[in-house]
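Asker: Dropping a structure here in structure tokens format, bear with me for questions.
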Amino acid sequence: MSPARPLLSREQIVAAAIDLLDRDGPDAFSMRRLGAALKVDPMAVYHHLPNKAALFDAVVDTVWARTVLEEPDADATWQQVVTSIFHALRGELLAHPKLVSIVATRPVATPHMLTLVERALGWLDSAGLPPAEAMKLLDCLVGYTVGKVAGEVREPVGGPGVPPEQVHGALTPETHPHVVTAMTSGYGWQPDEEFTRGLDAMVAGWRVGPLS
């Protein structure tokens, strides 16, 4: 008698999908390749997740589940709380660069995401930013963080295009004088610094209450 095949779980499927996506990206992903990685018939996956869209939603939920938020100090301001949250999110996204395009385009309301939001709203409320106002700020900063990381990791859907360095190398003072001046007078792409400066500026400039 041959040994019984181990039962397949939803968690195993999602973990294997993340491994494949981390390695090869979404363009190369297929349910057939996932089945091969799990050593099962691809149809076995559909007993747990009905289609690839549902699988990708589960992948996004796992990204949120893995995002670790450190509980803030009792005297932390809401501004400090917010910036720590989004540095944590950026760190998790940078750990899985090939997943960023999926996170950017799948629905944001997942169970673990809502758990994180609930925790963050509680901290922010205690620090002086009411939940309704905090939600508006979180919405803006999720978009900022995911979009900024997408630009950093440069994992374009459909494969790589012309390298930015090649484009910049073709610029001249005659065709693009201001761009060339910027490139030759101190500008250098520093993603960590850019992200932090942008985040700090958005948080510092956030106006609580309706615009007048």
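The values are calculated or read from the model by the stated rules, or taken from the named source; none is laboratory data. No experiment lies behind these values; they were computed from the predicted model shown. In this analysis, Cβ positions are derived from the backbone assuming ideal geometry, glycine residues included, and neighbour counts consider all displayed protein chains. Side chains included, ligands, DNA and RNA excluded: accessible areas come from the protein's heavy atoms. Shrake-Rupley method; radii C 1.70, N 1.55, O 1.52, S 1.80 Å.
Asker: Among the complete DSSP H segments of the chain, which ones combine at least 18 Å of alpha-carbon extent along their axis with a mean Kyte-Doolittle hydropathy of 0.0 or more?
Answerer: 52-66, 78-95, 111-126, 131-153
Asker: Between the range 103-166 and the range 34-92, what's the alpha-carbon centroid distance in Å?
Answerer: A separation of 12 Å, based on Cα centres.
Asker: Follow-up. With N residues in the chain, what two-decimal value do you get for its Cα radius of gyration over 2.2 N^0.38 Å?
Answerer: For the chain, the normalised Cα radius of gyration is 1.26.
Asker: Follow-up question, since we're still on this one. Picking from VAL100, TRP123, MET113, whose Cα lies most toward the positive end of the charge dipole for the range 74-125 (charges on Cβ: Lys, Arg +1; Asp, Glu -1)?
Answerer: Farthest towards the positive end: VAL100.
Asker: Same structure again: Check the straight Cα-Cα distances from LYS39 and name the lysines below 30 Å, setting aside those fewer than 8 residues away within the same chain.
Answerer: LYS39 reaches LYS52, LYS98.
Asker: Of THR172, LEU199, CYS140, whose Cα points farthest to the positive end of the dipole of the range 96-212 (charges on the beta-carbon: +1 Lys, Arg; -1 Asp, Glu; origin at the Cα centre)?
Answerer: CYS140
Asker: Over the chain, what percent of the accessible surface lies on carbon and sulfur atoms, probe 1.4 Å?
Answerer: Whole-percent figure for carbon plus sulfur exposure: 58.
Asker: In Å², what does the accessible area per residue of the chain work out to with a 1.4 Å probe?
Answerer: 59
Asker: In addition: I need the per residue convex hull volume for the range 7-50, using only the alpha carbons, in cubic angstrom as a whole number.
Answerer: 62
Asker: Find, among the GluC sites (Glu not before Pro) in the range 174-205, those assigned to loop by DSSP (not H, G, I, E, B) with at most 10 other beta-carbon atoms within 10 angstrom.
Answerer: In loop regions of the range 174-205 (DSSP not H, G, I, E or B), the sparsely surrounded GluC sites (Glu not before Pro) are GLU174.
Asker: Got a sec? Charge dipole of the range 3-103, +1 on Cβ for Lys and Arg, -1 for Asp and Glu; which of PRO50, ALA74, TRP64 is way out at the positive end?
Answerer: Positive-most Cα among the choices belongs to PRO50.
Asker: Can you give me the orientation-averaged projected area of the convex hull built on the Cα atoms of the range 24-144, in nm²?
Answerer: For the range 24-144, averaging the hull's shadow over all directions gives 8.1 nm².
Asker: Given +1 on the Cβ of Lys and Arg, -1 on the Cβ of Asp and Glu, and no further charges, what dipole in debye does the range 7-50 carry about its Cα centre, rounded to the nearest 20?
Answerer: 140
Asker: Within the chain, what's the longest run with no trypsin sites (Lys or Arg not before Pro) in a DSSP loop and at most 12 other beta-carbon atoms within 10 Å? Give the range, please.
Answerer: 40-153
Asker: Would you mind calculating the relative contact order of the chain from Cα pairs under 8 angstrom and at least 6 residues apart, reporting the percent as a whole number?
Answerer: Over the chain, the number comes to 21 percent.
Asker: Over all pairs of distinct alpha carbons, what does the Kirkwood formula give as the hydrodynamic radius of the range 119-202, in Å?
Answerer: Hydrodynamic radius (Kirkwood, Cα only) of the range 119-202 equals 16.1 Å.
Asker: Still on this structure: What percent does the relative contact order of the range 7-50 come to when contacts are Cα pairs within less than 8 Å and at least six residues apart?
Answerer: Relative contact order for the range 7-50 comes out at 37 percent.
Asker: Any chance you could run the full-extension gain for ARG154 through HIS168? It's 0.36 nm times the residue separation minus the Cα-Cα distance, nm to one decimal.
Answerer: 3.4 nm
Asker: In whole percent, what relative contact order does the range 1-108 give with Cα contacts below 8 Å and a gap of six or more residues?
Answerer: Reported as a whole number, the value is 31 percent.
Asker: Would you mind working out the magnitude of the charge dipole of the range 41-114 relative to its Cα centre, with +1 at each Lys and Arg C-beta and -1 at each Asp and Glu C-beta, to the nearest 20 Debye?
Answerer: Dipole size: approximately 420 debye.
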